[in-house]
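Colleague: Quick one: this structure, given as structure tokens, is what I'll be asking you about.
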Ligand code: FAD
């Protein structure tokens, strides 16, 4: 059944792509007649079809726009909106999605990385009441936003675990990491946006001016407009961080401590709180071998005999400046004191703030050199209500996670009050304040490395999603094939989502490969 299900998934994807028709000579002539500063490419467009997931066979886009100005994007969008045609437009960041979300059937792909300027305002302006901000173009990478901000000893407050992602791409989703519990996701840290709507209008929006567009675009999966510029709040940047990992053998204790850390004493707590599931073996991807910063710091003899097949690791950081160094040990010790991890299984390292935030890039360099970066990634991200996390642990972590999981499984709680209700992002609708971010970040290694097949990983994802259904979870970075599943996904936000689509992209030309709406002729 697994193979049938998985192969069906792949066939379905291919079928939907084969419905795509090439650009008509008339549409091509019309597009070629547009006056643009950047350029439109009609041949050799395969690179723009690539995505991180590598799970679907995608045909190259008919046309690629390399914009050099916001006007280029507005001109193309406006022109396509007017055409009696099936053409659609999708912005593409770096294609870091796993379900070809930055593609568009009958499509023009806009390569946003062509538009990548960054400007830091260290003293803010009158609109920000002197609060510092950085203004980044939609195609700028977060790593460059960080570098530019650090030149002024400033930094954004909220991050993703990996920084080689575009500002517009992550703001179209949410942008979550270990700072989310305190500052909300990246979308909660935006002061202003410049957006090209589906009508081709260039609109400035803030939480108070054109606020419907502002909130609907954030987490809006590219449905309402293309983010061409974002103003992001900055704070004083820490110089260094103490980075710690602590092992637990029991889920209830791990959960209690994580929730304690993101709870009411937030200001006294750590700056970053995440965690991950650890398989009880020495494996360096999922086992206790992956926990310490220096592999030799852990051995089988150190693992408590009471440990079951699955353990849990808390990951936290405390920022400090060199002037704080003398007091740091005492401060951290007092912060760790209320926690109940296995004391002999605490691992620490000190690093710069930049290196900590850029940690996944170091791994990327290693994996690239071994040909293990550009491989299929059947990732699955889920938001689980706190009231369902024990059941999730029982039914998913304890039953489905085996020693051959081939990728990290993150699990950490965040506070719902940091997510404005008007944002498009779908989060659990149950009334409780906390929900968990659970990320199954599995990699399909080349066959020579062994490990589970891609189809069995996709089948596991389907099993997990079936378990999630009665638990009122929401998928993060989802990709559904039909509208009814999207309707269920957005839940109480669906009506507003549809109304905003009508208001800002009435011809339904944006991000069509999300399969939420399709273009009328
Ligand atoms: P793309 O994948 O190219 O685009 C994503 C969607 O946004 C598409 O629908 C596209 O049409 C739309 N889009 C792109 N640019 C714009 C724009 N300017 N305006 C409007 N719509 C646009 N996410 C997290 O939240 N937390 C993490 O810790 C995290 N870690 C990751 C680690 C790795 C190694 C990778 C590959 C991804 C990670 N992600 C994480 C996921 C990432 O946030 C998403 O993949 C996101 O899509 C950003 O990628 P991108 O900039 O390449 O955009």
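The values are calculated or read from the model by the stated rules, or taken from the named source; none is laboratory data. Just so it is clear, the structure is predicted and the values come from calculations on it, not from any experiment. Virtual Cβ from ideal backbone geometry, glycine too; neighbours counted across all protein chains shown.
Colleague: Let me confirm something: among 139, 175, 222, which residue is part of a loop (DSSP other than H, G, I, E, B) and either farther than 25 Å from residue 362 by Cβ or away from the ligand (no atom under 13 Å from the Cβ) (or both)?
Modeller: Working: 139 fails: either farther than 25 Å from residue 362 by Cβ or away from the ligand (no atom under 13 Å from the Cβ) (or both); 175 fails: either farther than 25 Å from residue 362 by Cβ or away from the ligand (no atom under 13 Å from the Cβ) (or both).
Criteria check complete, one pass: 222.
Colleague: Of the numbered conditions (1) in the same structural domain as residue 174 (by TED's automatic domain parsing); (2) in a helix (DSSP H, G or I); (3) over 20 Å from residue 169 (Cβ atoms), residue 125 satisfies every one except a single condition; which is it?
Modeller: (2)
Colleague: Another question, if that's okay. Among the residues of the stretch 382-397, are any in a helix (DSSP H, G or I), without any contact (Cβ under 8 Å) to a residue 12 or more places away in the chain and within 13 Å of the ligand (Cβ to nearest atom)?
Modeller: Step one: list which residues in the stretch 382-397 are in a helix (DSSP H, G or I), which gives 386-397.
Imposing the further condition that a residue be without any contact (Cβ under 8 Å) to a residue 12 or more places away in the chain reduces the set to 394.
Checking which are within 13 Å of the ligand (Cβ to nearest atom) leaves us with none.
Checked the stretch 382-397: no residue is in a helix (DSSP H, G or I), without any contact (Cβ under 8 Å) to a residue 12 or more places away in the chain and within 13 Å of the ligand (Cβ to nearest atom).
Colleague: Look at residue 247 and say whether it is in a strand (DSSP E or B), on the phi < 0 side of the Ramachandran plot and either crowded, with 22+ Cβ neighbours inside 10 Å or in contact (Cβ under 8 Å) with a residue 60 or more places away in the chain (or both).
Modeller: Considered against the rule, which asks whether it is in a strand (DSSP E or B), on the phi < 0 side of the Ramachandran plot and either crowded, with 22+ Cβ neighbours inside 10 Å or in contact (Cβ under 8 Å) with a residue 60 or more places away in the chain (or both), residue 247 comes out as yes.
Colleague: Of all the helices (runs of 4 or more DSSP H) wholly in the stretch 419-521, which have at least 2 residues that are outside the structural domain of residue 404 (by TED's automatic domain parsing)? So that I can check it myself, show each step before the final result.
Modeller: Working: elements: 454-468, 483-490, 494-504.
Where helices (runs of 4 or more DSSP H) fall fully within the stretch 419-521 and carry at least 2 residues being outside the structural domain of residue 404 (by TED's automatic domain parsing), they are 483-490, 494-504.
Colleague: Separate question: Can you tell me how many residues within the stretch 178-192 are more than 9 Å from the ligand (Cβ to nearest atom) and outside any loop (DSSP other than H, G, I, E, B)?
Modeller: 9
Colleague: Identify, by number, the condition in (1) within 28 Å of residue 202 (Cβ to Cβ); (2) away from the ligand (no atom under 16 Å from the Cβ) that residue 490 doesn't meet.
Modeller: All conditions are met except number (2).
Colleague: Pick out the one residue from 80, 120 that is buried (at least 24 other Cβ atoms within 10 Å of the Cβ) and over 26 Å from residue 381 (Cβ atoms). Step through it out loud before you land on a result.
Modeller: Numbers: 120 fails: buried (at least 24 other Cβ atoms within 10 Å of the Cβ).
Matching residue, one of 80, 120: 80.
Colleague: Take the stretch 146-172 and flag every residue that is farther than 24 Å from residue 123 by Cα and more than 8 Å from the ligand (Cβ to nearest atom).
Modeller: Within the stretch 146-172, just 163 meets the criteria.
Colleague: Looking at the stretch 355-377, which of the residues that are more than 13 Å from the ligand (Cβ to nearest atom) and within 20 Å of the chain's Cα centre (by Cα) is surrounded by the fewest Cβ atoms within 10 Å (Cβ to Cβ)?
Modeller: 355
Colleague: Being on the phi > 0 side of the Ramachandran plot and in contact with a strand residue (DSSP E or B) (Cβ under 8 Å, 6 or more places away or on another chain): is that true of residue 511 here? Spell out the reasoning first.
Modeller: On the way: on the phi > 0 side of the Ramachandran plot: yes; in contact with a strand residue (DSSP E or B) (Cβ under 8 Å, 6 or more places away or on another chain): yes.
The answer is yes for residue 511.
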